[in-house]
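Participant: Take a look at this one; I'll ask things after.
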Amino acid sequence: MAAAVVGCSLSACSTTGGTQTDTAPPAATVSASQDTRSAGDAQDTQDDSDSDTFTVALDKTATWNNGVKANLSGFSRGTSGEYASPSGEAYLAFSVTLQNGSKSTLDLALISLSCPDGADEIFDTDAGFDGAPDTHLLPGKSQTWKAACVFPKTAKSTQIEITPTGSSGSGWYRTAIFTGQVQ
């Protein structure tokens, strides 16, 4: 199932558009030790209906044309624990918030999250990195969960991709590519 989600996020499966605020490429710098913005902070709009992806700065909110929104916050660095998968790896942790402003239910278990440069997502129950919730998100509701990606201690530039999907038969969403610098 996960392979189908990832494969579709890399191909032309989407039918729902998305937006971002600036027309210039995003250049966000986010502190990995303290990120104080909230889920409702500014977002930008751009006509990108001819693409299967749209680019969003790390400190902005991705908004799909049907009202679904996603943002990343609370960036921090650490090392995965002994019982994590993978264990003993430097990581970049963050919170993912998905707001369902659409009229359809979203299946959060089908959310595709891709880490920088194809790195592994960290799964560490002790740290709260359990992946996307295995639940459905009703219209008008939001859900936040913690995630982490293998990320070298010296790395600064990151690209995190998120592709949601609905459960109403509306099909795949376009991939939001969050990009920027992490201090």
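Participant: Scan segment 119-139 residue by residue and report those that are of a type in the set (D, E, K, R), surrounded by fewer than 18 Cβ atoms within 10 Å (Cβ to Cβ) and touching a residue at least 40 places away in the same chain (Cβ under 8 Å).
Facilitator: D126
Participant: Is segment 123-145 home to any residue that is under 18 Å from L58 (Cα atoms) and touching a Phe, Trp or Tyr at 6+ places or on another chain (Cβ under 8 Å)?
Facilitator: No - not one qualifying residue is present in segment 123-145.
Participant: For A119, state whether it is under 18 Å from the mean Cα position of the chain (by Cα) and closer than 25 Å to T55 by Cβ.
Facilitator: yes
Participant: I'd like to know if segment 152-161 contains one or more residues that are at pLDDT 95 or above, over 19 Å from D52 (Cα atoms), under 14 Å from the mean Cα position of the chain (by Cα) and among the hydrophobic types (A, V, I, L, M, F, W, C).
Facilitator: No - not one qualifying residue is present in segment 152-161.
The values are calculated or read from the model by the stated rules, or taken from the named source; none is laboratory data. This one's a predicted model, so the numbers in the text were calculated from it and none came from an experiment. Virtual Cβ from ideal backbone geometry, glycine too; neighbours counted across all protein chains shown.
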